[in-house]
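To start, the structure under review is shown below, and the notes come after it.
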Amino acid sequence: MTRRSSLIALEIVAIALALLILIPFFMILVNSFKGIRESALFGLSLPTTWEFGNYKDVFKQDNIIRGFKNSFLISGLTVVCVNLFAAMSAFIIQRRGGKFLNGVYLAFIMGLIVPVSIIPTIKLMNDLHIKGTYFSIIMYYSAVLLPFAVFLLVGFMKSIPRELDEAALLEGCGYFRLFFRIILPLISTVLVTVSIVVIVSVWNDFFGPFYLVTDSTKWTIVLQVFNFVTLYSTNWGVVFAFMIVVITPVLVIYLFLQRYIIDGLTAGSMKG
Amino acid sequence: MKRLKYPLYFSFPAIAVFLLFFITPTIIGVYYSFTDWNINADAIKFIGLDNYVELFKEPRLKQAFINTIIFAAAVTVLQNVTGIALALILNEKLKSRNLLRMIFFMPYVIAPLVIGYIFRAIYHPGHGIVNQFLDLIGLDFMMQDWLNDPKYALFTIIITDIWRVAGFSMVVYLAGLQFIPKDLIESSSIDGANYWSRFRHIVFPLLAPAFTVNVLLAMIGSMKVFEIVMVLTEGGPGYTTEVFYTLIRTTFSSGEMGYATAVNMLLFAFVSLVGVPVLMMMKKREVEM
């Protein structure tokens, strides 16, 4: 085979594989426009009658808008906490070193792999009288995601020359100004990566809020999906419409940020 | 130049959050796993190793343990094989390669819970598109009740998870491929090395860092699998797809907190036992590089 024709063959294989990825998405999309009976067949054909009312039914549910708001609030605040705390500690861990900080770094690395103890966490939140609050879920996510952020940032901090610190401090700059004015802007690309990973993890997570958030007014959007399917699985058209509503924002964000996501994974994994 | 005195307190916020909300629950968890803590009882009593003894007698735990190992091993292997294959294909100069890279990564940004529901429809024994497709191409004898047949349920969950995560591995491998100098590949093909031997002797060894990262992440991630199993089978039929987290969920909902915590501690021990040595190896190699 010539190089050209083998490339064409390879392209066809790749496109066929990509269809395997796309078909499930197509399936929920067409079925989200079907009526009760037709959508229960989960087929790939276009709807015989287009049922746009499914989407109207979805948006009629107050708790869906509230779910989006909660997801937005929780992931937004977690991003701020994780980035700020991880960057500050990574800066000190990498620059200062010493027995204590090396131990701290090691503890964070362990946290990267071991699973959270969820039931004691519920108990702890309860004893601290913060169970079910936004604060408790944000702290839970921060604790879970800090290890990853610290790990990534310590690795990256090595590439920022110490001479920069020395020069700045010699000029009479304090440590706070050094950190916020000089170091933070230099690590902004890694912070974008951290932010994306945090947002995707928090937005899509079911495990945390399932155990920690009992008050349904604070449920995230994924928890609303769980609840919705449990209650309304008799009408798959509406369920699928809901899924499209949940998936679309994530996919849109992904399409805009995919270059950063992929670059970030690249930088992170190769440095890590 | 005098040694700079970086302020230690910069590290305190992160340490405080991590210590309070990650390490503390783990430590109190060790204690609670030795108690009869039950939602219906008033007092929590220390009962020593009873929970663990009970657990090891329980066939469900054994099943969850075996299933977690099978799931983690299968996902780790398959995810890496498909990941490398996709990365090699999409590293070639294909016209559609940017679009295809984007498509393969797409499932990774969707909530696993939602993916579980989508595939529950896809595997439906009567109308699901898997069986419909097999029927259409004349392979109707291969039609199965994918999620309710104990023979296939775990396998079906594994395939679903591969669908979800293959693109992630692909991206990490693609990144690794960028670090391989082009002239190395060119000179080897001038020397007459064929594709396979070039892959074995040049490309794969140079992909080692990407490989380690991928294996570690796949292993750790798959040992903690929860949502997909919960939605697709709830650990059933019987206990044939039970994993650690579905077992924790059922013992938790029945109010046996001490017992559920003991299951959590076993998962903790298991993941640490597998993950920590691999991670230490990685860190050591990082220094050498």
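Okay, here's what the table says:
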quantity	calculated
Charge dipole magnitude, Cβ of K and R +1, D and E -1 - the protein assembly as shown, Cα centre, debye nearest 20	1520 debye
B:Thr35 long-range amide H proximity, modeled H, under 5 Å	B:Ile47
Region A:120-196: trypsin sites (Lys or Arg not before Pro) in DSSP coil with no more than 13 other Cβ atoms inside 10 Å	A:Lys158
Taking N as its residue count, the alpha carbon Rg of chain B over 2.2 N^0.38 Å	1.24
Prolate/oblate/rounded call for region A:2-268, Cα gyration tensor, a/c under 1.5 rounded	oblate
Protein-only accessible surface order, largest first, of B:Ile159, B:Ile185 at 1.4 Å	B:Ile159, B:Ile185
Compactness of region A:166-260 - radius of gyration and Dmax, Cα, Å	20.8, 70
Förster-model FRET efficiency, 35 Å R0, B:Val276 and A:Ile15, C-beta, rounded to 0.05	0.25
Number of partner chain Cβ atoms within 10 Å, mean per residue of B:164-171	2
Coil-residue chymotrypsin sites (Phe, Trp or Tyr not before Pro) of region A:1-103, DSSP, other Cβ within 10 Å capped at 16	A:Trp50, A:Phe52
Derived scalar couplings ³J(HN,Hα) [region B:20-35; Karplus, 6.51 cos²θ - 1.76 cosθ + 1.60; whole Hz; x for Gly, Pro]	6, 9, 10, 6, 4, x, 5, 5, 5, x, 4, 4, 5, 6, 9, 10
Taking region A:127-272 and dividing mean pair separation by its residue count, relative contact order in percent (alpha carbons under 8 Å, at least six apart)	35 percent
Convex hull per residue volume in Å³, alpha carbons only, for the protein assembly as shown	182 Å³
Heavy-atom accessible surface that A and B bury in contact, both chains counted, 1.4 Å, Å² to 100	8700 Å²
Relative contact order (percent, whole number), region A:2-268, Cα cutoff 8 Å, 6+ residue spacing	32 percent
Inter-chain shielding of A:103-110 (mean C-beta neighbours from other protein chains, 10 Å cut-off)	4
Span-rule helices in chain A, defined as complete DSSP H runs reaching 20 Å or more along the axis (Cα) with Kyte mean at least 1.0	A:3-31, A:99-113, A:134-157, A:188-204, A:236-271
Loop GluC sites (Glu not before Pro), region A:150-187, which have at most 16 other Cβ atoms in a 10 Å radius of their Cβ (DSSP)	A:Glu171
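The values are calculated or read from the model by the stated rules, or taken from the named source; none is laboratory data. None of these values were measured; they are calculated from a predicted model. Virtual Cβ from ideal backbone geometry, glycine too; neighbours counted across all protein chains shown. SASA here: full protein model, heavy atoms, side chains in, ligands and nucleic acids out. Shrake-Rupley method; radii C 1.70, N 1.55, O 1.52, S 1.80 Å.
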